[in-house]
Structures are given as C-alpha cells and as structure tokens.
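Engineer: Following this message is one structure expressed as structure tokens.
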Amino acid sequence: MTPNIPLAAWEPDGDPTKPGVLVEVGNMVPTRRGFASDLGPGDYNGLVLPDKCYGGRLLPVNSINPAVMLATDSTLYYYGGSGGLVDRNRATPAYVAPADLTVAWRFEQFGEYTLAIQRDNPLQASADISTTDFSDVSGAPSAYTMCVASGFVMVANTVDVPADNTFRYFDAWHCSALGDHSDWTPSIATQCAQGRLLETPGPILRLFAYGPDVLAFKRGSLIRGRYVRNLADGIIWEWRVISSEVGIVGHDAVVQVGGVVYFMSLDGVYAFNGSSLRRVDSFPRLWWMRAQANSGTDDSLFMLTQAVYDPVRRVIRWHYVQDVTAQKTAPYMGGCLIYHVETDRWGHAEHACEWALNVPWTGSAALPDFNGYDGTAVEGTGPYAARNLAAYVDASTHVLRIYLSTATSSYFVTGDIGDDDMNTVGVRARLRFLRQPTSATVEHRYTQTLGGALTSGDTATLSDGKADFSHSARWHRLVVEMVGPFEATGFRFDGATAGRR
C-alpha cells in the first residue's frame, strides 16, 4: 500500500520536494488535523455602515452587553447587540474627517466611560454609551493612538493637530491623572504626566496595553512602559527598550493571544511573551513581500495591515492590502494570511475587507458550524455562546460580516512528487478527507526537470476519493479544487515506474 502523505504545511518559500508541502493554497485554514475550507461571509445581524469604515472595536462595556463601536469619516456608531447602529456623535461641531485609514478612530473603555480619539479630533467620552452621546474632554489632547492601563488613559503621537503651545511631538506620550480620564494637567499629585520616547527614532505608531504595562511600537523599535510611581523623582512611568530593530508596520497589525503579543514588522511576524521576543520563522515572508510588490507600493500599504483573532478557529487573520489600484482611491484589505497559533502553520484567503474586528455572539447571529472540523453535533454551542467572533466590514458594501457555515470554493497545490532519475506513469491521486467536499477536481501538472516549467495535463473529477491520469514524467504536481465545506488531512500518490534516465 502506498503510504498516506500528510498535508504538512503551506510553505511557498520552502523546498517544493518536501513530502506533504503545499506550494499554493486558496481559502484554506489550518486545523489541528489538516486543512479546512475557509467559511464564506455572512451578515452580522443586518448591520451596514452608510459609508467607508474608519475604525472599529469591540469593547467590554459590561459582561452582559458588550459594545461594538464603528466609525465612518463623519459619525461614531454604537451597537449593543440588538436593533441597529446608533449615532453617538457629539452635539456640535461636526468631526474633522480622517485623511485616510492610517489615522482612523481609536476606541477604549475606561471603567464606565467609553472613549474615542482621532489625530485631528479631541478625546471623546460617553458616561454610558448605551444611552449617552460622546462629548469633548476639556483639555485633553488629540492623538494618533490610545490605550488604558494601570488606571490611566494614555495617548501618544500628538503632533498633527492644530498648532498651540501644548506638548506635541510624534514621539510624545501623555497619561491622564490616575483614575480620571478628564484631567490632563501634568501634576505629581494627580500623577498626570507626559514625556518623549527618544531612545529610538521615529513616531509612536501604537500604544498597546499588556497587563498593567504599555507597549509602545515604533516602525523600527518596541519599548515597554511600566507604572513605577516614583513620586520623589517625578517619574510616573518608566520606559525600557525591548528591541531597537523590530517594530510594527501599522497601528492595527498587532493582537494578543494567550498572553502572547503577535505583531507584524517590516521583515515578518514576531511574538512577545513578556520576557522574550522571537521571530515566527514559519511566516511566508518572501511570498508576502511578492504579494506587496505592486506598482506604486509604498509604506502606506504596509501600514494598513490589520490583525484580528478568531477564537473559535484559533487563528489570527492578517488582512493586508492586495490591490494597489483600488488602494489609491479607497484603501482596503484584499488578502488575508491566516495563522493557526496551536500548530504554527499558515493558510490564506481573500476577503474584500476595509476594517477587521471582533463582535460578540448574540442570539440573532447564526453560530458557525465550524466547517465540520469543530462540529456543533460534537461540542454543542454552549462553550462558544460567550466567545467573540471574528468579523470584518466589507469593502464594497460596508456590511459587517462574520464567517458563517457556507464554505467558499478552495484549492491547494501540492509540491513536486517524483525522482530525478525515474519516470512515473499511470498516476493515481487519492485524497484523504475527514469531511468530504460537495465536489472536487484534480488537475495533473508535470515536468521532466525539477524547477522547470510545468505542463498542465488532464483534469479529472474526484470520484470515490480518487482521480486517475496517464502521463509519463519525472516530477508531478496536483492542483485540487474543492467546492463546499471540507477538512483534508493528506493524499496518496500512486504510479508505475516507466524507466530510469
């Protein structure tokens, strides 16, 4: 019996002769057992924005009724789990519209107060977002980024605001008074403070709360802030450089999973666990760089990368800009790298996304059946009813979508199978599925010289789990295209020897 070849990993930068390697995948998600089809988009409770999304966040307002905050260029919206989007704009004047997605609205929760900030608008606060509109926080700065940690509201990168005599620098940080988001007057007594991160060059692109600490990301560095309350020396926050070489590509290219912070840098994906920083070596870096190699590509494309964690499938979805022509007029994320945290493997899908976020599961949102590889018939819906779902705002329709059970069409391409000195003929491919797709086809590609141009041979419909071909060659590849939900774990490749060179 020909042994089964497990689907090892998608490794477009790796050795194509490695057994079980996949050189191309489309709409495929890694699982603990193999690979499954990604799920098709479904509407989330009928929510749709009237215009392009300029920010979104799930906030734990309380354990019963979390808030989904969404922004367009002119309006801040609240959704509490039922009904529709509620306009929570301040009374007057109208907000200054963000210039582009790199300066989007940021949202945080500080006790009972919901906060919003944008580089060209002052800090906004609502005492009860379910009933109360936003209003300006008097004396608070405008800023590029914001987080909440150790009882403080902290903002950073405040230079691009109307000029005045306050403390405004690309590398500046400000923290409110302890326990008071409305007090921004520096004082040792209240512990309201400000400072600059000068140890490394460049602007602060992201403040990220990590337990009681704050991670400050620049383009080429990572700095950790810790609340030390050294009042005698006038030091409220102490900053230490974690890395002077690795930073973040953009504000939203970071996510925390299981106490580990994953973020995308210019040279790959990194993970920080609080004590050490490591590169995720499995990241298909060369493939990703080629995907960015479009005419007119510049740093603004990288800055639009967004990360969102899907706790049901245990994957991080990295949405990135793929269509440079569309990006010039209406930036959106067109491709999606998918990282399975537990197995350190990657997949890829395509979603026309303009903003990625999490949303709460609600009774009116259909719970996914997890494509069969985490079937509800086995595990039930109970454990997931309180979990968040991965979601995104559709770039063309501005509809808020989640991943439902209607699977997209998917495909994968195996690596090269064969031998430099031996021709094989009469090829049979048998796929091993734990869940069969609705239908599938297998195309046979072949070449006499490894690394040479591939010739497309016959395409056969998968029948009884197999497809047969008849062509003599030293090296063979299979292109498997599937429709409907499936989970595949491996394949077998049979052929008769047809002579040696």
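The values are calculated or read from the model by the stated rules, or taken from the named source; none is laboratory data. The shown structure was predicted, so the numbers you read here are calculated from the model rather than taken from an experiment. Cβ atoms come from the backbone with ideal geometry, glycine included; neighbour counts cover every protein chain shown. Accessible surface areas use protein heavy atoms only, side chains included; no ligands, DNA or RNA. Shrake-Rupley method; radii C 1.70, N 1.55, O 1.52, S 1.80 Å.
Engineer: Scan region 443-455 for residues that are free of Cβ contacts under 8 Å to residues at least 24 places away in the same chain and surrounded by 15 or more Cβ atoms within 10 Å (Cβ to Cβ) and jot them down.
Structural biologist: LEU454
Engineer: Collect the residues in region 260-273 that are at pLDDT below 95 and not in a strand (DSSP E or B), keeping them in residue-number order.
Structural biologist: Once the filter is applied, which keeps residues that are at pLDDT below 95 and not in a strand (DSSP E or B), region 260-273 yields LEU266, ASP267.
Engineer: So how many residues does region 431-442 have that are open to solvent by 30 Å² or more (accessible area, probe 1.4 Å) and assigned to a strand (DSSP E or B)? Spell out how you get there, then give the answer.
Structural biologist: From region 431-442, those open to solvent by 30 Å² or more (accessible area, probe 1.4 Å) are 432, 434-436, 438-439, 441; that's our starting set.
Remaining after also requiring assigned to a strand (DSSP E or B): 432, 434-435, 439, 441.
Residues meeting the conditions: 5.
Engineer: Under the condition of being open to solvent by 30 Å² or more (accessible area, probe 1.4 Å) and either touching a helix residue (DSSP H, G or I) at 6+ places or on another chain (Cβ under 8 Å) or not in a strand (DSSP E or B) (or both), which residue from region 44-53 is farthest from TYR446 (Cα to Cα)?
Structural biologist: First, the residues of region 44-53 that are open to solvent by 30 Å² or more (accessible area, probe 1.4 Å): 45-46, 48, 50-51.
Imposing the further condition that a residue be either touching a helix residue (DSSP H, G or I) at 6+ places or on another chain (Cβ under 8 Å) or not in a strand (DSSP E or B) (or both) reduces the set to 50-51.
Numbers: PRO50: 50, ASP51: 48 Å.
It comes out as PRO50.
Engineer: With respect to GLY83, determine if the residue is out of contact with any strand residue (DSSP E or B) (no Cβ under 7 Å at 6 or more places or on another chain), in a loop (DSSP other than H, G, I, E, B) and surrounded by fewer than 23 Cβ atoms within 10 Å (Cβ to Cβ). Break it down stepwise before answering.
Structural biologist: Details: out of contact with any strand residue (DSSP E or B) (no Cβ under 7 Å at 6 or more places or on another chain): yes; in a loop (DSSP other than H, G, I, E, B): yes; surrounded by fewer than 23 Cβ atoms within 10 Å (Cβ to Cβ): yes.
So GLY83 fits the description; yes.
Engineer: Would you be able to say whether some residue in region 267-284 is among the acidic types (Asp, Glu) and farther than 18 Å from TYR339 by Cα?
Structural biologist: The initial filter retains those residues of region 267-284 that are among the acidic types (Asp, Glu), namely 267, 281.
Retained after the next criterion (residues that are farther than 18 Å from TYR339 by Cα): none.
No: zero hits.
Engineer: I would also like to ask the following. If TYR54 satisfies all but one of (1) modelled with pLDDT under 90; (2) within 24 Å of the chain's Cα centre (by Cα), what's the number of the condition it fails?
Structural biologist: (1)
Engineer: I'd like to verify a number: residues in region 54-75 that are crowded, with 22+ Cβ neighbours inside 10 Å, among the small types (Gly, Ala, Ser) and not in a strand (DSSP E or B), how many?
Structural biologist: Going through region 54-75 one residue at a time, the tally reaches 1.
Engineer: Hey, can you tell me all the residues within region 86-98 that are open to solvent by less than 50 Å² (accessible area, probe 1.4 Å), of a type in the set (Ser, Thr, Tyr) and either part of a strand (DSSP E or B) or modelled with pLDDT under 95 (or both)?
Structural biologist: Selection gives nothing.
Engineer: Could you list, ordered by first residue, the pairs with Cβ atoms under 9 Å in which the first is in region 296-318 and open to solvent by less than 20 Å² (accessible area, probe 1.4 Å) and among the β-branched types (Val, Ile, Thr) and the second is part of a helix (DSSP H, G or I) and at pLDDT below 90, at least 6 apart or interchain?
Structural biologist: Matching pairs, first to second residue: VAL312/PHE370; VAL312/TYR384.
Engineer: Identify, from the list SER142, SER182, the residue that is in contact with a strand residue (DSSP E or B) (Cβ under 8 Å, 6 or more places away or on another chain), modelled with pLDDT under 95 and of a type outside the set (D, E, K, R).
Structural biologist: Working: SER182 fails: modelled with pLDDT under 95.
Just a single option satisfies the conditions, and that option is SER142.
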